[in-house]
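Some notes on the structure that comes next.
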Amino acid sequence: MSPIRRGLAALGLALLSATLALPARAEGTLRIAEQFGIVYLLLNVAQDQQLFEKQGKAAGLDLKVEFVKLSGGAAVNEALLAGSIDIGGAGVGPLLTLWDRTHGKQNVRGVASLGNFPYYLTSINPKVKTIADFTDADRIALPAVGVSVQSRVLQLASAKLWGDAQYNKLDRLQVALPHPEATAAIIKGGTEITAHFGNPPFQEQGLAGNKAARIVLKSYDVLGGPSSATVLYATEKFRKENPKTYKAFVDGLAEAARLVRANPELAADIFIRTNKSNIDRALLLSIIKSPEVEFKLAPQNTYALAEFMHRVGAIKNKPASAKDYFFDDAHNQSGS
């Protein structure tokens, strides 16, 4: 990342903290951080259809909901620790990092998954067929270096190829960049960015927009099958002190998942509307309807990443199962 970009990123986070770091709020307010992509479709649907407010009203709450869009798990984690948000949306990697960091203190844990989505590492460098072909001439764009779920999956793939001692071998090639900017770089070509570890729909847009782009790695292949890459998490304090708000959030999220499964066409329209996106609607629908994509709250196949992160020392506390880093809620009982 250039010095100017680093400075702008730091300034943006500082301004966010100054704007959002408000005093503790009473039951009935909810501040949610999301990022970019279809992986946040459940939040888009809940926002558009006011499902959190609907569930709050059923519980006797006049629920006030605020949405903030950030980029990268590191920014989400800092905002959650600063008290700027109540619910954070990011990858499993950032959740595990914060769960470990706050273990025995704020006790951050997962609230729910946002579903199963395959993440693709793509490249426009014709010499790169596998991750073993990356050289110092390449730069891999992803949301947060060493922290994002994309970075962690790439580390796990590296460990499988070169051994645990070199799990972070490709970290030096990574560049923190929001998915929209990274996708634009892949489509345009000619920049320092030669690869992008993205998420839907950005990875599909990159592949469709540049014939030179190809898939180098799939997250499902690294993790051994379908997995929940993106999750929502909160502090134990928020969950305990705001039981009605918390339940309204979970129930609204579940209603959003049912709507997406029952009416993908409406969900596609909501995504385009809430994100002011110019994505091709047919491409968007193909992603939402893909058999590899599943919209549900129960986390699936997240423990492989947790075990790996502990094994290489990325987290100090070893979870026995996904139940250690997800709250003991009914929808998480079957989680893995």
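The values are calculated or read from the model by the stated rules, or taken from the named source; none is laboratory data. All of these numbers come straight from a predicted model, not from anything done at the bench. Note that we place each Cβ from the backbone using ideal geometry, even for glycine, and neighbour counts take in every protein chain shown. All accessible areas refer to the heavy atoms of the entire protein, side chains included, with ligands and DNA or RNA removed. Shrake-Rupley method; radii C 1.70, N 1.55, O 1.52, S 1.80 Å.
Could you work out, for the range 37-180, what percent of all Cα-Cα pairs fall into each 10 Å distance bin, beginning at 0 Å and stopping at the bin that holds the largest distance?
10, 33, 32, 17, 7, 2, 0
For residue 172 and residue 289 in one chain, what is 0.36 nm times their gap in residues minus the Cα-Cα distance, to one decimal in nm?
38.5 nm
Where does the longest stretch of the chain lie that holds no GluC sites (Glu not before Pro) found in a DSSP loop with 13 or fewer other Cβ atoms within 10 Å?
In short, 1-191.
What is the Cα radius of gyration of the range 38-102 over 2.2 N^0.38 Å, N being its residue count?
1.26
Between the range 310-336 and the range 71-120, what's the alpha-carbon centroid distance in Å?
So the separation of the two Cα centres works out to 13 Å.
Who wins for biggest fluctuation among 243, 226, 178 in a Gaussian network model of the chain, springs between alpha carbons below 10 Å?
Evaluated over the chain, the most mobile residue of the options is 243.
Just to confirm my numbers, what's the Cα centroid distance between the range 214-291 and the range 131-206 in Å?
22
How many nm separate the modelled label positions at residue 133 and residue 261, each set 7 Å beyond the Cα in the direction of the Cβ?
3.9
What translational D, rounded to a whole number of µm²/s, comes out for the chain from Stokes-Einstein when the hydrodynamic radius is the Kirkwood one over Cα pairs, at 37 °C and 0.692 mPa s?
The estimated diffusion coefficient comes to 164 µm²/s.
So which residue, out of 101, 239, 273, gets the largest mean-square fluctuation from a GNM of the chain using Cα contacts under 10 Å as springs?
It is 273.
Figure the gain on full extension for residue 330 and residue 307 (residue separation times 0.36 nm, minus the Cα-Cα span) and round it to one decimal in nm.
Full-extension gain reported as 5.9 nm.
With the other protein chains left in place, how much accessible area per residue, in square angstrom, belongs to the range 255-336 at a 1.4 angstrom probe?
Per residue, the range 255-336 has 49 Å² of solvent-accessible surface.
Restricting things to alpha carbons, tell me how big the range 162-271 is in terms of Rg and Dmax, in Å.
Cα only, the range 162-271: 18.8, 52 Å (Rg, Dmax).
Under 17 Å from the Cα of residue 316, which lysines turn up, not counting those fewer than eight places away in the same chain?
Result set, ordered by chain and number: 105.
Using a probe of 1.4 angstrom, how much of the accessible area of the range 170-219 is carbon and sulfur, in percent?
56
Which helices count as membrane-span-like in the chain under these terms: full DSSP H, at least 18 Å along the axis by C-alpha, Kyte-Doolittle mean of 1.6 or more?
Both cut-offs are met by no helix.
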